[in-house]
1. Could you tell me which residue of region 397-439 is farthest from F166 (Cα to Cα), considering only residues that are hydroxyl-bearing (S, T, Y) and touching a Gly at 6+ places or on another chain (Cβ under 7 Å)?
2. Being closer than 14 Å to T129 by Cα, among the hydrophobic types (A, V, I, L, M, F, W, C) and away from the ligand (no atom under 14 Å from the Cβ) is the filter here, so list the residues in region 269-307 that pass it.
3. Could you check V210 against (1) within 14 Å of the ligand (Cβ to nearest atom); (2) in contact (Cβ under 8 Å) with a residue 60 or more places away in the chain and say which number it fails?
4. Say whether the condition of being touching a helix residue (DSSP H, G or I) at 6+ places or on another chain (Cβ under 7 Å), within 13 Å of the ligand (Cβ to nearest atom) and among the charged types (D, E, K, R) is met by at least one residue in region 258-268.
5. Residues to consider are A157, A172, A135, A126; find the one that is of a type in the set (A, V, I, L, M), over 22 Å from V299 (Cα atoms) and assigned to a helix (DSSP H, G or I).
6. Hey, among the residues in region 236-256 that are farther than 23 Å from A405 by Cβ, within 16 Å of the ligand (Cβ to nearest atom) and in contact (Cβ under 8 Å) with a residue 40 or more places away in the chain, which one's farthest from the chain's Cα centre (by Cα)?
7. Filter region 134-148 down to residues that are within 20 Å of the chain's Cα centre (by Cα) and of a type in the set (G, A, S) and give me whichever is surrounded by the fewest Cβ atoms within 10 Å (Cβ to Cβ).
8. Does P164 satisfy the condition of being modelled with pLDDT under 95 and out of contact with any Phe, Trp or Tyr (no Cβ under 7 Å at 6 or more places or on another chain)?
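The values are calculated or read from the model by the stated rules, or taken from the named source; none is laboratory data. All of these numbers come straight from a predicted model, not from anything done at the bench. Quick reminder, even Gly has a Cβ in these numbers, built from the backbone with ideal geometry, and neighbours come from all protein chains shown. What goes into the accessible areas is simple: the full protein's heavy atoms, side chains included, and nothing from ligands, DNA or RNA. Shrake-Rupley method; radii C 1.70, N 1.55, O 1.52, S 1.80 Å.
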Amino acid sequence: MSRALGQQAGRRHSRSLLRSLAIREAPEVLDHGSDFPVALCKADGARARDADGNRYIDLTSFFGVATVGHRHPAVFDALRTQSGRLLHAMGDVHPADVKARFLREIARRLPAEDYRAVLSLNGADAVETALKFAAAATGRAGVVAFEGSYHGLSAGALEVTHLPAFRRPFAAMLSGRGRFVPWPAADGSDAPAVLDAVRIAARADGPFPVGTVIIEPIQGRGGVRMPPPGFLANLAALCAAEGLVLVFDEVYTGVGRTGTFLRCEAESVVPDAVCLGKSLGGGVPLSGCWMRPRLADAVSRAGVEAVHTSTFLGHPLGCAAGLGVLKALDRGRMLQKAGRIEAVVRARAEAWREATGCVRDVRGVGAMIGVELQAPGGGPGGPLAGRVVARALKDGVILLTEGLAGDVLAFTPPLSIPPRDLEQALGLVERALTEEAATP
Ligand SMILES: Cc1ncc(COP(=O)(O)O)c(C=O)c1O
């Protein structure tokens, strides 16, 4: 088996596994129309391997999950220990001991002491929690969200996810609870107008009066879009003045990805609710919504019944893995690594701008950097970005695009990526971009 990066060993096993999925899984799930997907079988740190033994450097953390690295030893040890003791408990009746330890540890990292959690499995679950508790607290089910937002795809989360491709097939079941306002320009030029739009949308009449504003502190799937400096603090002030609940969806940005444990810390905002997911379980499904008393206390048990819960709430493996993630962040001094990753990716991307003329924008913070492409001559960059991602995969780099037009290369590597791997992977992306940009 070759030790070099890239698809040296062919794709026979991947293709056969994908053919088997094509006849057993709903066609919507995987892209069977292209030759892009590979079947993954192993990942450690920032390295991954497919079913044919091909090796890759991962610049995605697999959807932003492996922030501390794949199969981090602290996560792996915690899972091994926990799986020798208790695999499953009774979350809202007889909880696992490890849930108490996990919530105690994470509480030390939140921006206020009075947050209370509801744990869950997916990012969308955490968003559902925030929206349900906010509606219970305010008596108003309407929500102001932002154009380009992605908050998950479950029924409630989809109401506030703006990206049209996800809404279109399910339009018949959308209630119109979400009202969308523009995302502010990065230079702040329209920030006052956007804040006005939030105020107007929140005050407007309609079947669902508005009680909540939900925002990603940096839009991830919307194309790694940063709000202008100070915008989030001004939004928080507006929400406080209007009596609106402010939810920060930190499913992508949270757990260290941008160099602080939560992005709201860097923005000096203490939201009413913070949603976490993705990295929280280090690869094991774990999410949660942390709410201040105004929200957390708005929902009571119905006698013996918890009324917002699920079978796997506070799952012992998830909580153990979550403790492992926190340990990995601390012991590996990983938050400090985000800045170095940002500097390296930015420097390379700026050089690509010079060399190819195909980089329209470089943005983001820490290990969450977006490089927006344009076609040579200034046309839409989506097709070029797609070709770069496909070519990079063949050469041994796992990379994805974000953004409505798929024109943003998203660099979200594990914080633990060794500097040499980062350089090597960026070198391969550079070659892919340079060659694809030169291809008519
Ligand atoms: C900001 C944000 N919120 C929510 C979600 C939904 O998370 P999940 O796919 O785990 O439901 C995502 C997923 O990408 C996300 O980026």
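1. Residues of region 397-439 that are hydroxyl-bearing (S, T, Y), as a first pass: 401, 412, 416, 434, 439.
Going one step further and asking which of them are touching a Gly at 6+ places or on another chain (Cβ under 7 Å), we end up with 401, 412, 416.
Details: T401: 16, T412: 22, S416: 32 Å.
So, considering only residues that are hydroxyl-bearing (S, T, Y) and touching a Gly at 6+ places or on another chain (Cβ under 7 Å), the one farthest from F166 (Cα to Cα) is S416.
2. W290, M291, L295, A296, A298, V299, A306, V307
3. (1) is the only condition that V210 fails.
4. no
5. When all the criteria are applied, what remains is A172.
6. The first filter runs over region 236-256 and keeps only residues farther than 23 Å from A405 by Cβ, leaving 236-248, 250, 254-256.
Right, trim to within 16 Å of the ligand (Cβ to nearest atom) and you get 246-248, 250, 254-256.
Adding the requirement that they be in contact (Cβ under 8 Å) with a residue 40 or more places away in the chain leaves 247, 255-256.
Details: V247: 15, V255: 10, G256: 12 Å.
Going through the qualifying residues, I end up with V247.
7. Checked region 134-148; the qualifying residue surrounded by the fewest Cβ atoms within 10 Å (Cβ to Cβ) is G148.
8. Values: modelled with pLDDT under 95: yes; out of contact with any Phe, Trp or Tyr (no Cβ under 7 Å at 6 or more places or on another chain): yes.
For P164, the condition - modelled with pLDDT under 95 and out of contact with any Phe, Trp or Tyr (no Cβ under 7 Å at 6 or more places or on another chain) - is met.
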